[in-house]
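Heads up, the thing below is written out as structure tokens.
Values in this text are rule-based calculations from the coordinates and carry no lab data. If you're wondering where the values come from, they're calculated on a predicted model, not measured in any experiment. Backbone-built Cβ (ideal geometry, glycine too); neighbour counts: all protein chains shown.
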Amino acid sequence: MNEHTAPSSGAHRAVEVERNTLETQIRVTLDLDGTGEGRFRTGVPFLEHMLDQIARHGLLDLDIQAEGDLHVDAHHTVEDVGITLGQALAKALGDKRGIRRYGHAYVPLDEALSRVVVDLSGRPMLTYNVDYTRALIGGFDVDLLREFFQGLTNHAGLTLHIDNLRGLNAHHQAETVFKAFGRALRMAVEPDARMGGITPSTKGAL
């Protein structure tokens, strides 16, 4: 496995991360201070649709290019995209001085409603309560969405609570989860002028 990270120059919190294994080759470019632009080529259209929700509602500029063993199934690609995005997020946040740290969002889509709460704690923990009404969205296995968030959580060092509170349409359930994650993450990574560059923790580090 080969992993490479390189921060960009300039004022924006922007990074590029590459992760290459025998199963997947992934490059993520992330700008936390972007405008919501997303570019994706993963070979998994539904995943790309969900990633676009994160970019748009999180006001992140996000470019993800992935080659994976889709002849097996989408599992490795979806999970490893989550892992690499998590690595990029951790790199872009640096020492986390002066950020809000916590974020939350409720997002509805017609009959569906989801809540996501984020803590940029440095301690990986995922609580995921989504009871999808069907196993497949098109040909996409909804179990892989948990794998995406688990990989992201582990490598970004997030405490992440995801709850779909209601929903009848599985596509709506998934979309509310990803939109809410984008909104919650946007809140958490925002600079907080009142923090004055202080790390938002009584321990002095995150």
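Roughly how many nanometres apart are two label points built 7 Å out from the Cα toward the Cβ at S121 and H12?
3.1
With n ≥ 4 as the cut-off for DSSP H runs, can you work out [θ] at 222 nm for the chain, using -39500 (n - 2.57) per run divided by the number of residues, rounded to the nearest 500?
Using -39500 (n - 2.57) per qualifying helix, the result is -11000 deg cm²/dmol.
Set the Förster distance to 41 Å, then compute FRET efficiency between L22 and K203 from the Cβ-Cβ distance, nearest 0.05.
0.60
Give me the dipole magnitude in Debye, nearest 20, for the range 2-195 about the Cα centre, with unit charges on the beta carbon: positive for Lys and Arg, negative for Asp and Glu.
Roughly 840 debye for the range 2-195.
Per-residue HN-Hα couplings for the range 162-173, Karplus 6.51 cos²θ - 1.76 cosθ + 1.60 at θ = phi - 60°, whole Hz, x for Gly and Pro?
Those phi angles translate into 10, 9, 8, 7, 6, x, 10, 10, 4, 4, 4, 4 Hz.
Considering the options V116, L152, M195, tell which one lies farthest towards the positive end of the dipole of the chain, charges being +1 on Lys and Arg and -1 on Asp and Glu at the Cβ, about the Cα centre.
Final value for the positive-end residue is M195.
Spin-label point model (7 Å from Cα, Cβ direction): what's the R166 to V72 distance in nm?
4.1
Taking 25 Å as R0, compute the FRET efficiency from the Cβ-Cβ separation of R97 and T35 and round it to 0.05.
0.60
Which residues does the label zone of R194 cover in the range 65-101, counting backbone N under 19 Å from a point 7 Å along Cα→Cβ?
The answer is 97-101, whose backbone nitrogens lie closer than 19 Å to the label point.
Output wanted: per-residue J couplings in Hz (rounded whole) for the range 83-97, from phi through Karplus 6.51 cos²θ - 1.76 cosθ + 1.60, θ = phi - 60°, x for Gly and Pro.
After applying 6.51 cos²θ - 1.76 cosθ + 1.60, I find 4, 5, 5, x, 4, 5, 5, 4, 5, 5, 6, x, 7, 6, 5 Hz.
Suppose the chain between D63 and A135 were pulled fully straight at 0.36 nm per residue; how much longer would it get relative to their current alpha carbon spacing?
Full extension of this stretch gives 23.1 nm more.
In a shell of Cβ-Cβ distance under 14 Å around R56, excluding R56 itself, what net charge do Lys and Arg (+1) and Asp and Glu (-1) give?
Overall, the nearby charge balance is -3.
Going by how many other Cβ atoms sit within 10 Å of their own, how do M187, M195 line up, fewest first?
The fewest-first ordering by Cβ neighbours comes to M195, M187.
Taking θ = phi - 60°, what integer Hz values does the Karplus form 6.51 cos²θ - 1.76 cosθ + 1.60 yield along the range 187-197, in sequence order, with x for Gly and Pro?
My calculation for the range 187-197 gives 5, 5, 8, 4, x, 10, 4, 6, 6, x, x Hz in order.
Under the definition of Cα pairs under 8 Å and six or more residues apart, what whole-number percent is the relative contact order of the range 2-195?
Averaging sequence separation for qualifying contacts and normalising by length gives 24 percent for the range 2-195.
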